[in-house]
Every structure is written in C-alpha cells, then in structure tokens.
1. Could you pull out every one of the aspartates and glutamates with an alpha carbon less than 15 Å from that of LYS269, ignoring same-chain neighbours closer than 8 positions?
2. Longest exposed-loop-site-free stretch of the chain, with trypsin sites (Lys or Arg not before Pro), DSSP loop and at most 10 other Cβ within 10 Å?
3. About its Cα centre, how strong a charge dipole does region 175-230 have in debye, to the nearest 20, once Lys and Arg get +1 and Asp and Glu get -1 at the Cβ?
4. Mind putting a number on the dipole of the chain about its Cα centre? Charges go on the C-beta only, +1 for Lys and Arg and -1 for Asp and Glu, and I need it in Debye to the nearest 20.
5. Subtracting the Cα-Cα distance from 0.36 nm times the residue separation, let me have the gained length for ARG307 to GLU150 in nm, one decimal.
6. Which loop chymotrypsin sites (Phe, Trp or Tyr not before Pro) in region 112-157, with loop taken from DSSP, have no more than 11 other Cβ atoms within 10 angstrom of their Cβ?
7. Compute the separation of the alpha-carbon centres of region 129-199 and region 373-410 and state it in Å as a whole number.
8. Give the Rg/Rh ratio for the chain, taking Rg as the radius of gyration of the Cα atoms and Rh as the Kirkwood radius, to two decimals.
Amino acid sequence: MKDLTHEVNHLVEWLGEFGKDPEGGVTRLLYTHEWIEAQKALEKLMQDDGLTTRYDEIGNLFGRLEGSKYNDETILTGSHVDTVKNGGKLDGAYGILAGILALRYLKAKFGQPLRNLEVVSFAEEEGSRFPYAFWGSKNLVGIAKKEDVESIEDFDGVPFVDAMREAGFDFRDESKSMRNDIKGFVEIHIEQGNVLENEGKDIGVVHSIVGQRRFTVDVKGVANHAGTTPMGYRKDALFAASQMIQDIITKAKEYGDPLVATVGKIEVKPSIVNVVPGHALFTLDVRHTEKEVLIKFTDELTTIINRIATESGVETNVDMWMDEDPIPMDQQVVDAIEKQTKENGFNYKMMHSGAGHDSQIIAPVVPTAMIFVPSRGGISHNPLEYTSPEELAVGVKALINSLYALAYEE
Ligand SMILES: [Zn+2]
C-alpha cells in the first residue's frame, strides 16, 4: 500500500510535467505538442509494463494485457489525457495512471487475466481547444462524425482537421464496423465536488451521471431615463430578470438534492448607471439524475418566468439549447464495484456524478460504471485541484479489485 501511494503520486507529478503551464497548472490541449509528448510518454510507460500498445486512427492510445481464455472479451479502464486551460494534474490523468498501475499490479500478482484487460488514454474529453467535447470516447463507440469537426477551428483559427493531421492522426474509417469485444468499462476519476470530503468517505461508487438542460432567458423591457420615469411607469428588464432568478433558485432549493440549478451569466443593456435597463439576458443550467424531474422543473421555471413577465409588463424568450438525458451506469458493473469495495473494507458512498465524463458516452453501448476519489474543497479545472496520495492509492486499490472481479473471475 505504501508503494502504491508513492507510485501513484510519482506518476501524477510526472504526467503533470507534460503541458506544465507557466501561468499555472497544466494546459494539455488536443493535438498540441504537449499532448503528443504526453501520449508518447504514456505509450512508453505502457510498453515498459509489458502491455501491447496501439493508437486508433484519431489518437486514442490503448495498452493491452491479453486474456488467456475469453480472448474476444475485453475489460477497459482509463480516462482522458487532455486538460482544460490551466487545469489540474488529476482530472483525466489520474484515471489513465490508475489504470496503468492497476494492470501492473494485477499482472504481477495474478498473471494473465481470463479476459483481455486494456487501459485507454482518450484523446480528448474537455472541449477546451475546439468547440467539440468527447472526441475520444465518441470515436471509440462510433458516434463522432466527420462533419461534426470538419469546419471547426481553435481560438487561433487553426482548423481541427489540420491539427489532427499534423499530429499524425486522421478520421476514423466510418465504413468499418466498431469494436464489439469491449464487455465492460470502469473509469476512475476525481469527484470534482465536495461530497466525499464533507462526508468523510474514501470512495464514491457512481450509479448515474446527471442529465443537463441549459437555457438562455431573454427579457425585454423598455430602456428609459432613470430620473424622469416614475417607478410605476417602468418596464425594467433587470428587475424582472432578478425576480425570475430569485424564484427559480428558491424553487430549486425546495426540490433539494440531487437537483441543482445555476444562473452563471447575466448581461444587461444598456448597462448604464442612469438608464432603466431595457434588456436583460441570463443563462440557466439545471441538472438532475432523473429525466422526469428535469422536465417537471423546466415546466415550473417556465411558469415562473411567464408569471413574472406578465406582472412586470416585459417580454421573454426562453431558449433551451442543451437537453442531455441522465445516464444510468450498468447495474452489474456497479454491483461488482460495490461488492469489492465493501469486502475490502473501504469507506464508500453510492452517488451520482454531477459532471460529465467519458463514461456517459460509453455507457449506452458498453456496461459501464465509475469510481470517484475525494477532491479537496471540491476544486477542479484549476491548478489547486488536489487529492492526497493516500486517497489516490485507495482509489487505485478499489480499481484493482474491481478489474480483478471483471477480468479474472468466470
Ligand atoms: Zn475529466
């Protein structure tokens, strides 16, 4: 256990050097020099461990330990190698490194598995360089399409396709059939929230990933003179918007966990000290583990907005521009992880993920589940992202046990 703590810490620090940003944290964006160097280094690390490595067409990297009996069945683990701009050392990276360590340990202790065991370093998950997320996992399951990325560019105007080809990769051959040997996927990841820390738990066994709906609410009133327009004659868009926000957030609190609703952005026009705001726009991000609740909450927030608009004499337009269903994890894989976690005496919690992960792309196709480790202060996508080496090692142990159950047992 002490060795594992040391090893996982060492590897996290090591991988964090690839894309270490002078402005802080790690910036390892898809198909950049830093990204290429990281994938190459991970490939070498896997090879040194005796794994057979290969890249798929778009740059997902796989390391494989051949199975002895069920050669057409593969258990996959891993996560994404890319980071956000000035991200931490753990988001994504930990899942790949824990996978490599788990395979190293299992091979040394138990030899060849019955089923193939593979660790993947997904090319991209964050959508941080180009306006497209989950490029790695969407290619694995065959739902990424050429036309999705053919005309997109990064902020410097570099076309996606040029960046990909320059890095030595190309589009997946969409006429070729997809892999059908993958029978299970387990992704270990930092929680990126503060639930495990607050509850004093070491491990989260994730049973679902929340669905999300995102809205832009446009409120139109009348801009007017702040001195000469009596209060009773105003159509103040900002005041109406603020009442809407107040009532929506209050309603969200009434719903309670696991519903979360966030107004993260607000714009006011003309945004001048002595003018009644004629225009206000705010965004709304709503998440829950059940689709029916998301629908019900959407109905209620629409009612709130319409009521306040009528009372205030303003016009509104509610645009729902994202509607992603909640994704349940596979019950059998969840059970396997929970059983191992319980038997080995880990202090664990069954929970949902409030953030998106590669697992939500893979789960509809392959039986999938996730393991979480605590994030200090719930901080992520930030250089301050931290999980202690001891906690990281506990996570690797939970992963080892889970992969053992899936790949070594009949
Ligand atoms: Zn991640």
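Bear in mind that the values in this text are calculations on the coordinates, not laboratory data. Every value quoted in this text rests on a predicted model; they were computed, and no experiment measured them. Glycine also receives a Cβ, built like all others from the backbone with ideal geometry; neighbour counts cover every protein chain displayed.
1. ASP218, ASP236, GLU315
2. Values: sites that count: LYS69, LYS176.
That gives 177-410 as the longest site-free run.
3. On the way: 7 positive and 7 negative charges, 94 e Å.
With only Lys, Arg, Asp and Glu charged at Cβ, the dipole is about 460 debye.
4. Numbers: 42 positive and 66 negative charges, 118 e Å.
Dipole about the Cα centre, nearest 20: 560 debye.
5. Numbers: separation 157, 0.36 × 157 = 56.52 nm, distance 4.34 nm.
That pair, ARG307 and GLU150, stretches by 52.2 nm at full extension.
6. On the way: sites: PHE122, TYR132, PHE134, TRP135, PHE155; in loops: TYR132, PHE134, PHE155.
Those satisfying the criteria are PHE155.
7. 22 Å
8. Details: Rg = 23.8 Å, Rh = 22.9 Å.
Across the chain, the Cα-based Rg/Rh ratio is 1.04.
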